[in-house]
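Let me begin by presenting the structure, written as structure tokens, before commenting on it.
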There are 2 protein chains.
Amino acid sequence: MKKVARTEIPRKAIYRLSVYSRCLHRLENNGIHTVSSEVLAKAAGVKSTQLRKDLTYFGQFGTRGLGYDVKQLIEMISERLGTKSLQPVVIVGIGNLGRALLSYRGFAQEGFEVVGAFDVSPSRCLSGNSSMKVQSMEELPKIIDKHFVKMAVLCVPPTAAQEVANQLIEYGVVAILNFAPIVLSVPDEVTVNNINLAMELENLSYFINE
Amino acid sequence: MKKVARTEIPRKAIYRLSVYSRCLHRLENNGIHTVSSEVLAKAAGVKSTQLRKDLTYFGQFGTRGLGYDVKQLIEMISERLGTKSLQPVVIVGIGNLGRALLSYRGFAQEGFEVVGAFDVSPSRCLSGNSSMKVQSMEELPKIIDKHFVKMAVLCVPPTAAQEVANQLIEYGVVAILNFAPIVLSVPDEVTVNNINLAMELENLSYFINE
DNA sequence: AAATGTGAAGTTGTTCACAGCT
DNA sequence: AGCTGTGAACAACTTCACATTT
């Protein structure tokens, strides 16, 4: 029975908030201080009515006849998304994908700090061009505790994914970005976002046939 | 006015087809030949009514009182998804992510063959543990032509993404898996699936706050 | 005049209830 | 009896139309 007030905000609206945020940053960099829903919506690839509706889920931020204050909207969104302060993240499973994510500069840019990289056999993982040391799974609880980690990126093989997820949750993680192609079963209070490359490709494949 | 009959199939249903397919393969490996919508739905993490509805978008495949023939359903789905034969794919932009995808074994497993890897400066890309040679962008049209490539994975920096997408489309690509965090504008007949790591993280971040 | 905010209408997707096979 | 297939009810999300504010 938690997130009562929040549940009524469509999940898709929250995704769009991220898009708006990116567009707003571009506008800000171009020295633009005020933007109408019409213009921002176009930049984000949505209808202006949808943008306005999305924003009203969180309050009223515009000035009628004028539009929205770019800086203020950015503030508001990053507050609502919880990206105002650096969010600590661990990456578990340093195979090809895990390694790529470790050296992905985007994390820091978007307000996430990778505070740990873990693998069952850390020695196997040539850490590549990343400076982060890969640690064994035994260190996981320590690091999660020390940095108050709430978020994990899961790149282990599908066979290990559920077990590792269970561990993460036990140690206090409440949000998992799951790259393993299986359906994780987790308690209600844990949020899982799945990224499944094979599924995306198969989906595209469908649309190729006419 | 194309895909008239297909447009009415919800895109989400097509994604779920991929999930069902994976579950069915697991069942098949366990020597199970027949499955009810109830059981398969549970494995896929959906309601049984939804599974049945999804399948009826494509026809009738079950036997009342009995269930579905596992093998036959697998056949049907792979046919509808267009994964019966190997689908050729090119990867453009061999940075960290591109390199990871190049050495990702999942592609072949799921019916996709990477027939080319491209980058503006191929020499920069230490091809890592993959055996595939990285080629310069000039080779792109040749390879697309030679292998009848319809699908591309786009891993270039956001500033280059639109331009490269335009090229791909010009050369005949009609489906793009886009990792660049921008909204690509493409003609109607081209399908784009976006994967945006930052957005997924931000989205999770929202759910961490209670 | 210009642009937001929002109830109501419309659209899309999901679940129910049950008829219809095997 | 058991389980699929499906029209109808329902729920979620999007778009419209317009009242409201600056």
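The numbers here are math on the coordinates, done by the rules we state, and not lab data. Owing to the predicted nature of the structure, the values given are computational and were not obtained by experimental measurement. Note that we place each Cβ from the backbone using ideal geometry, even for glycine, and neighbour counts take in every protein chain shown.
For this structure, a couple of remarks:
- Label-point spacing at residue B:146 relative to the other copies reads 5.1 nm, in ascending order, each point sitting 7 Å out from Cα along Cα→Cβ.
- Tilt relative to chain A, helix A:11-29 - C-alpha long axis, 0 to 90 degrees, to 10: 70
- A straight Cα-to-Cα reach below 17 Å connects residue B:133 with the aspartates and glutamates B:113, B:119, residues fewer than 8 places away in its own chain not being considered.
- Evaluated at q = 0.12, 0.14 Å⁻¹, a Debye calculation over the C-alpha positions of chain B (equal weights, vacuum) places log10 I(q)/I(0) at -0.77, -0.98.
- Shape call, the protein assembly as shown: gyration tensor on alpha carbons, a/c limit 1.5: rounded
- For chain B, the relative contact order comes to 13 percent (Cα pairs under 8 Å, sequence separation of at least 6).
- Axis-nearest residue of B (beta carbon) for the B-onto-A rotation, whole Å: B:100, 2
- In sequence order, region A:180-187 has phi-based couplings of 6, x, 9, 8, 6, 9, 9, x Hz under the Karplus curve 6.51 cos²θ - 1.76 cosθ + 1.60, θ = phi - 60°, and Gly or Pro positions carry x.
- Long-range amide H partners of residue B:34 with built H, under 5 Å: B:70
- Taking Cα centre as origin and charging only the Cβ of basic (Lys, Arg, +1) and acidic (Asp, Glu, -1) residues, the dipole magnitude of region A:66-210 rounds to 500 debye.
- Taking 30 Å as the limit for the C-alpha separation, the pairs A:12/A:150; B:12/B:84; A:47/B:84; A:84/B:42; A:12/B:142 exceed it in the case of A:47/B:84; A:84/B:42; A:12/B:142.
- Here region A:1-79 and region B:55-97 have alpha carbon centers that stand 38 Å from each other.
- Model label zone, residue A:121; criterion: amide N under 20 Å from point 7 Å along Cα-to-beta-carbon; scope region A:160-190: A:160-164
- Shortest-first distances to equivalent copies, position residue B:25, nm, label 7 Å out along Cβ: 3.5
- Annotation for residue B:42, label-to-label distances across the other copies: 5.4 nm (shortest first, one decimal, point 7 Å from Cα along Cα→Cβ).
- Using Cβ point charges alone (K and R +1, D and E -1), the dipole size of the protein assembly as shown about the Cα centre works out to roughly 580 debye.
- Top positive-direction residue, dipole computed over the protein assembly as shown with Cβ charges, set B:185, A:116, A:167: B:185
- Rounded is the label for region A:9-80, because the ratio a/c of its alpha-carbon gyration tensor axes (a ≥ b ≥ c) stays below 1.5.
- The calculated pair-distance distribution of region B:40-105 uses every alpha carbon pair, bins of 5 angstrom beginning at 0, and gives 3, 12, 17, 18, 11, 10, 12, 10, 4, 2, 0 percent.
- Listed from fewest to most Cβ neighbours within 10 Å, the set A:80, A:99 follows the order A:80, A:99.
- Entry for region B:87-200 at q = 0.10, 0.11, 0.24 Å⁻¹: log10 I(q)/I(0) = -0.25, -0.30, -1.59, Debye formula applied to identical alpha-carbon scatterers, no solvent contribution.
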